[in-house]
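I'd like to ask you about the structure that follows.
The values are calculated or read from the model by the stated rules, or taken from the named source; none is laboratory data. As the structure is a prediction and not an experimental result, all values here were calculated from the model. What goes into the accessible areas is simple: the full protein's heavy atoms, side chains included, and nothing from ligands, DNA or RNA. Shrake-Rupley method; radii C 1.70, N 1.55, O 1.52, S 1.80 Å.
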Amino acid sequence: MLALGKISDPEKARRYLETISREGERLTTLIDNVLDFARMERGKLAYKMEEGDITPAVMSAVDLARFKFEQQHMGLEVHVGDALPAVPHDPHAITLAVLNLLDNAVTYAEGSDKVAVTVTESRNGGPGGRVAISVRDWGPGVPKGEQRQIFERFFRGEKARERHKRGTGIGLTLVKSIIESHGGRVQIRSPLETSGRGTEFLITL
């Protein structure tokens, strides 16, 4: 109808275009996940590593996710440290990993008014040369009993199933595979507050 010029109301046309854009981005992420998951299962998931600043890869994920956050009326804050060390990484793979964490947050962090992404130098595990990427929300949190399983393939939490949230159960599996293939690690910390709310996914490379 848009292509044929049959929508005369500009506001209605804008809403239709936003829906097309949102669903297009969702399907693109889903296809990337399924293809990378299939390669991972066959042991053929290859990376094009380059040494450098990881910030552009993280910001690419933020830019891709921003429209969905706006649609959900949820803030997306980004904090990047100064003089981050160069780390070997595949930019596309890191973008996909961070995008999965952001999609996970905006989908499941009900009641959270924002998600914070932080990129800093990490001193954990040795002297310098390490970068930490944190994705934090203030939603309902992840029950302790599910945190061991959350990175397992096809696992979906009880709340996600009860609320009929869209999902394949492979996003966090891919995040773990990508980060460990880079020689890093990904951890979950929840809750963040005494109220039981809040979740942080922390990537260290």
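Do the alpha carbons of any pairs in K48/K114; K12/K176; K114/K176 sit beyond 30 Å of each other, and which pairs? It would help to have the intermediate numbers written out before the result.
Details: K48/K114 33 Å; K12/K176 41 Å; K114/K176 24 Å.
Pairs exceeding the cut-off: K48/K114; K12/K176.
Residues of segment 54-125: accessible area per residue at 1.4 Å, in Å²?
I get 44 Å² per residue for segment 54-125.
Taking 0.36 nm per residue of separation and subtracting the Cα-Cα distance, what length does fully extending Q147 through R189 add? Walk me through the intermediate numbers first.
Numbers: separation 42, 0.36 × 42 = 15.12 nm, distance 0.86 nm.
Additional length available on full extension: 14.3 nm.
Another question, then. Once amide H atoms are placed 1.01 Å from N in the peptide plane, what residues at a sequence separation of 5 or more from G139, or on another chain, have their amide H within under 5 Å of its amide H?
Residues meeting the criterion, in which the H sits 1.01 Å from N, are G198, T199.
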